[in-house]
Amino acid sequence: MNAAARPVNEEELQAWVDGWLDPARRGAVERFLAENPDQAARLGDFRRHGDILRGSLRGPDREPVPERLLRAARGGAARRPARWLPTAMAAMLVLTLGLGGGWTLRGALEKPDEVAPGAGAAGGDLLVRAAAAHRVYSVEVRHPVEVRAEEAHLIAWLSKRVGTPLSAPDLREFGFRLMGGRLLPARDGAAAQFMYEDAAGRRITCYIQADTKGVETAFRFAEEDGLAAFYWLDGALGYALVGPLPREEMLGIARAVYRQTEP
């Protein structure tokens, strides 16, 4: 079938919103929108929401990429950019969750040439979920975790449900003891949250999500309303460390988590 005559599909509509559409299909999509004002209005909303989110972002803070990840990124440079969660859809997810007006994903969405394919959308989704879970559970007094650290089955249970071997990072050198963990929903499966507390009662959480489509990135930093987060994608797993600590203190802990969880 001639490309111009092929019916317009949803993937092409989302590609049009995000500026990824094949130029050969632009005319067909624009004719489709002219003939379908309801679809044109829907995509217009997507674009406006994306513009609002991008306007709230500042330039990302980035730590140097470990050499192992650089090698992996160079090896995967020829891969086709992932479109399973377009930027506009990530923006819709953020605006829908709201997070009490607290988390605007500053630094979460990157320019395509600054990260591995698909990392902006995947990283944004990871950060939104990790920050939301931290806000909900870190303030709990009686039930901050689902399974206590002292229970022997904690790691085995979470590993089984997430679908990959996990370990709870040891953060005692920073004054944080492991309280326990809980199972959380992720976009396409399950995620684990480990919670830690120091002598001053400050709590930080380490969120681990599987199925990141093999994307790898350097550390990314975001902060909002007293919370700071370092997050990164490393092959099959994504990590987010969230807490009410200064950036430099969080960075030191994030590096320790990375060292302990690196395959």
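The values are calculated or read from the model by the stated rules, or taken from the named source; none is laboratory data. Fair warning: this is a prediction, and the values are worked out from it, not measured in the lab. Glycine also receives a Cβ, built like all others from the backbone with ideal geometry; neighbour counts cover every protein chain displayed.
So the values come out like this:
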item: Selection within the stretch 231-263 - closer than 23 Å to Arg135 by Cβ and part of a loop (DSSP other than H, G, I, E, B); result: Pro244, Leu245, Pro246
item: Residue count, the stretch 155-174 (criterion: basic (Lys, Arg), more than 20 Å from the chain's Cα centre (by Cα) and under 17 Å from Leu237 (Cα atoms)); result: 1
item: Members of the stretch 167-184 that are farther than 15 Å from Ile155 by Cβ and free of Cβ contacts under 8 Å to residues at least 40 places away in the same chain; result: Arg172, Gly175, Arg177
item: Within the stretch 26-58, considering residues that are touching a helix residue (DSSP H, G or I) at 6+ places or on another chain (Cβ under 6 Å) and at pLDDT below 80, the one nearest to Glu223 (Cα to Cα); result: Leu53
item: Pair list, Cβ under 8 Å, 6 or more apart: the stretch 190-206 residue farther than 10 Å from Phe176 by Cβ, other residue among the aromatic types (Phe, Trp, Tyr) and not in a strand (DSSP E or B); result: Gln193/Tyr137; Thr205/Tyr137
item: Near pairs, Cβ below 9 angstrom, 6+ apart or cross-chain, from the stretch 7-30 (more than 14 Å from Leu43 (Cα to Cα)) to any residue that is part of a loop (DSSP other than H, G, I, E, B) and modelled with pLDDT of 85 or more; result: Arg25/Val8; Ala28/Pro7; Ala28/Val8
item: Filter result for the condition that a residue is basic (Lys, Arg), in contact with a strand residue (DSSP E or B) (Cβ under 6 Å, 6 or more places away or on another chain) and either buried (at least 19 other Cβ atoms within 10 Å of the Cβ) or within 14 Å of Leu127 (Cα to Cα) (or both), over Arg247, Arg161, Arg187, Arg220; result: Arg220
item: Subset tally (residues that are touching a Phe, Trp or Tyr at 6+ places or on another chain (Cβ under 9 Å) and assigned to a loop (DSSP other than H, G, I, E, B)) for the stretch 127-145; result: 3
item: The stretch 141-159: number of residues that are within 17 Å of Pro169 (Cβ to Cβ) and touching a residue at least 40 places away in the same chain (Cβ under 8 Å); result: 1
item: Selection from the stretch 1-25 of residues that are basic (Lys, Arg) and either modelled with pLDDT under 80 or assigned to a helix (DSSP H, G or I) (or both); result: Arg25
